[in-house]
Amino acid sequence: MPPVCADSATAAQFLYAQSFVYFIIVWLIKAAFLSIYFHFRQKMTRACKTALYVLTALVVVSFLVITLMMFVTCLPVERAW
């Protein structure tokens, strides 16, 4: 295998792994903001609490869906490079 192909395969592998780290960090930031809002939950109206719970559920579901999609989009992974 020529060195150029080996380098591009390695780069593709790093990019694939990096995308997981990126999405996890983005969702951790979302969770941090939600935790700040949960701190003020006692002072919120019932409608705001409901909106907070719905938003939290949407963030959790979107994280699970995106993570699942990242795992199954490129099956088998070895074929990508």
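The values are calculated or read from the model by the stated rules, or taken from the named source; none is laboratory data. None of the values given here were measured: they were computed from a predicted structure. Quick reminder, even Gly has a Cβ in these numbers, built from the backbone with ideal geometry, and neighbours come from all protein chains shown.
Data for the structure
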item: Only listed residue being of a type in the set (S, T, N, Q), at pLDDT below 95, more than 14 Å from the chain's Cα centre (by Cα) and closer than 17 Å to Gln18 by Cα, chosen from Thr73, Thr67; result: Thr73
item: Scan of region 30-77 for residues that are in a helix (DSSP H, G or I) and within 25 Å of Gln13 (Cα to Cα), ordered by number; result: Ser62, Phe63, Leu64, Val65, Ile66, Thr67, Leu68, Met69, Met70, Phe71, Val72, Val77
item: Meets criteria (within 12 Å of the chain's Cα centre (by Cα), assigned to a helix (DSSP H, G or I), exposed (fewer than 11 other Cβ atoms within 10 Å of the Cβ) and not hydrophobic (A, V, I, L, M, F, W, C)) for Gln18; result: yes
